[in-house]
1. If r is the Cβ-Cβ distance from B:Glu518 to A:Arg2 and R0 is 41 Å, what FRET efficiency results, to the nearest 0.05?
2. Over 26 Å between Cα atoms: which of B:Lys278/B:Lys545; B:Lys303/B:Lys545; A:Lys183/B:Lys454 fall into that group?
3. Relative to the compact-globule scaling 2.2 N^0.38 Å, provide the ratio for the alpha-carbon radius of gyration of segment B:332-554.
4. At q = 0.10, 0.11, 0.25 Å⁻¹, what log₁₀ I(q)/I(0) does a Debye calculation on the Cα points of segment B:150-243 give, no solvent, two decimals?
5. For chain A, restrict the atom set to alpha-carbon positions and state the Rg and Dmax in Å.
6. If the chain between A:Ile153 and A:Arg68 were fully stretched, how many nm would it gain, using 0.36 nm times the residue separation less the Cα-Cα distance?
7. Going by how many other Cβ atoms sit within 10 Å of their own, how do B:Arg381, A:Arg68, B:Arg698 line up, fewest first?
8. Based on the Cβ-Cβ distance from B:Thr439 to B:Ala183, what FRET efficiency comes out when R0 is 30 Å, to the nearest 0.05?
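We did not get these values from a lab; they are worked out from the coordinates using the rules stated. Computed from a predicted model, the values in this text were never measured in an experiment. Cβ coordinates were reconstructed from backbone atoms using ideal geometry, including for glycine residues, and neighbour counts include every protein chain displayed.
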Amino acid sequence: MRPLDEKETTQVFEKLFKFTGPNLKHLLERPAVEGPDPEPGRYCLRLHRNRVYYASEALVRRATAVARPCLAAVGTPIGKFTHHGSFHLTVHALDLLAAHARRRVWLKPDTERSFLFGNSVPKSSLARITENTKAGDGVVVMSMADVPLGFGIAARSAQDCRKADTNAVVVLHQADAGEYLRKEEELM
Amino acid sequence: MAKKGTKSKPQLPPLAPAGKKGSKAAPPPKAAKRVPKKQMLLESSDDSDTEQPQQLQEEDSDIDVPSDSDAEELSGSDAEAEGGSSSGEEVEEDEDEGDDESDDDSLADDFLADSDEGSGNLLRSLVGFTEGGDSGLDSDDSDDLEAKSRAIDERQQKAEDDAEEELKTNIRSESDEFKLPTAEELEEEAHLPPNLPNLKRRISEIVRVLSNFNKLRQKDVPRKDYVNQLKTDIMSYYGYNDFLIETLIEMFPAVELVEVLEAFEKRPPECLRTNTLKTRRRDLAAALIPRGFNLDPIGKWSKVGLVVYDSTISAGATTEYMAGHYMKQGASSFLPVMALAPQEKERIVDMAAAPGGKTTYIGALMKNTGIIYANEFNEKRLHGLLGNIHRMGVTNTIVCNYDGKELPKVLGMNSVDRVLLDAPCTGTGTIWKDPQIKTSKDIEDIRNCAFVQKQLLLAAIDLVDANSKTGGYVVYSTCSIMIPENEAVIDYALKKRNVKLVPCGLDFGRPGFIRYREHRFHTSLDKTRRFYPHVNNMDGFFVAKLKKLSNTIPVTSESTKASEGAAEMADSSEDDEDKKTVNDEREKGVPDKEEKAVQMKNRKETKKTNKGANITKESKHVPDRPAKHIKNHKKDALETDGPESTEPYVDGKEVHREETKQTGQKKKSTSDRTKKFGPKSTLGLKEKKPVSDTKRKRKWQFKLRRDWEAEKKSDKRRKV
């Protein structure tokens, strides 16, 4: 487990920035909750076996005692580096993103299943969308009960969505909660 | 049809049919048809043939003459119809005879009448039998009314007599003494495929005999024979292997044994645990019920549990599940975490964490504060564990893949507040989930499991810090009902480490075994809890909560000596951190005590290196001490003999001091023990001395000591 180097950090932050915007600072500078110390410090990112983990400093300190082959996870994984070095966010970051993302999209109740199976969101499934969404923004997909279902990239801006065709793709799927069932091996 | 309405009555008195059939003056057409059929089926005699043509003749005549008593006919036809239900097969024969109308009616009537009780039919068929013989005799309706009524009475009487006889024969056959099948019968059975109802009946019969053995036994048949027959029957009926049946028979009385076996045949109830990090039970139920779930709170004992009676979709496929709002978990899996009671900001270790239900529950209880080390030995189960942890939004975990025994080396001894050990076991409590266990477990499996469990439990105890402010607890649980894996393991730990059992905090469930066959366990084992499917409607489970008393590991493995030594060492280790000068006295006392123990037993090798290490840690000067009563000189004499040789600094003065200190310290330690852990504690061992007088003295000793310590403390503070 090691801290990320410059290049890797930029890649991660870029991806996160799409969702959080200026809130990104807040993500890393909020006081941590985890850890048995009275002041667990802040959060940090660590790299372990090509996966990036988001954990409080207290946790990270204690995890150094665990041998590298035996360590499986620390805190929350947010994404992984692929074989050729690009970074992708995974579904485990959902809770974090849902808490800090600026743009959200709400789906109609009957259409949740489709998204949870890994499909992109067509206009017909769209119930609500945050007003100032631009194309290329990261959006968190929620159900009408405000349950985060996944996240993706907005294919159109909010205005364009209104004008769009019913079958036009509005949100490009990146990750959804159904992957916990579909891709059980994903964290190994 | 009015008739059809009345047919729903369960049983018309035999009077009516008897009367009706007797009065052949105006029997309804159907009735006439039915009687011959009954005769054909029941009698299978020649009579029916002779009577049929007669009846047919009568039928014709009847059709021509409308009867006076129409009402009677109606009721009679009802009775006839009911009687006819016993001859349901005879419906086809209706077609052979006369009217089409009546055919249809009789067919319909038969179907309706089929729902009536068979016994009534039996009676009526008997009546029909008897009547059949008479039916030929009476010819006219308008004839002798008196004769008719006499005939009716006779028939009724006969019917009642027959019924009574039948009842008697039935009762007699039931109260027959149960006899064990003979060897020949068994051989016969062995050749045929197993007759399940027969087996079941025999099992319940044997259980009945065994539960009231003196009265219901056969003469000169030993109990063992009954038990053996029961065993073989259970093995073939329920499908268990020999070993499991033997152990179950030994553990449960006969009646309860059957309850246990029956419970294991049922389907386990499906339970969910609300993830309090993301939702509340109320909200979750409100979200799931519209999806077609039939839910209920699991019971008073849990605020987060839900039991699912049935559902239109699988509980693992809902949006809420994927969002991590709940976890599918057995009801029994709630219990060890409830017993553990993790607090916020604690350090917890879950030594066998997969698939993660308990780990996530701990995380939810701690509200993501503190830290959980979730360890899983089996790599293949790691991804399930990780998936569950992250799905449920538990962020304070470090997941690792170690052998549980190595954890103290990795994380450090005495480093965490609580440990949960849900030990790998044979799983005999979960037979209803995995019926394969019935045949696959053997004594070797249990022994191997017990061996691993003991090692893991010792490692778990070593991980815990006895001096933790909020914790110092180990919870050991298994999903097995076998005693070698449960009570025996806890007993072993009590002997090997300075721990004691504390109440689990679960107010239901049976206390664990204190003695079982030839085993005698520590008396505090009644604080452990056992759960059974037939009692609690959850997996067979065992939960024990241990509190670690001190961080030092006892040298001897004798339970009594270890406990006394433990008390001493408990005191010593506590003061270790204070680094008080008092400590060395304690230290000196400790090896003495141990030496004495060793001497008394004359068996163990004293590990002098241990003691030496302890002693050299502390500073060497001896402080002033208030005068203390010197009790039990005999003991002192014993003590001082040995230690003199081993003590590094032997001084006349110091020896004396040591003596006093030893005794004082001993007294203090015991009084400390009693004070800290209550009058009944000290690991449940009895004091050898009489209590009252010495207890008073000890209390005084303790008071003196406390005052002195307080003085010292204030002195130190002033200095600083």
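1. Details: r = 57 Å, r/R0 = 1.40.
So the FRET efficiency works out to roughly 0.10.
2. B:Lys278/B:Lys545; A:Lys183/B:Lys454
3. 0.95
4. Results for segment B:150-243 at q = 0.10, 0.11, 0.25 Å⁻¹ read -0.42, -0.48, -1.32.
5. In order Rg, Dmax, the Cα atoms of chain A give 17.4, 56 Å.
6. Working: separation 85, 0.36 × 85 = 30.60 nm, distance 3.43 nm.
Contour length minus Cα-Cα distance gives 27.2 nm.
7. A:Arg68, B:Arg381, B:Arg698
8. The calculated FRET efficiency here is 0.70.
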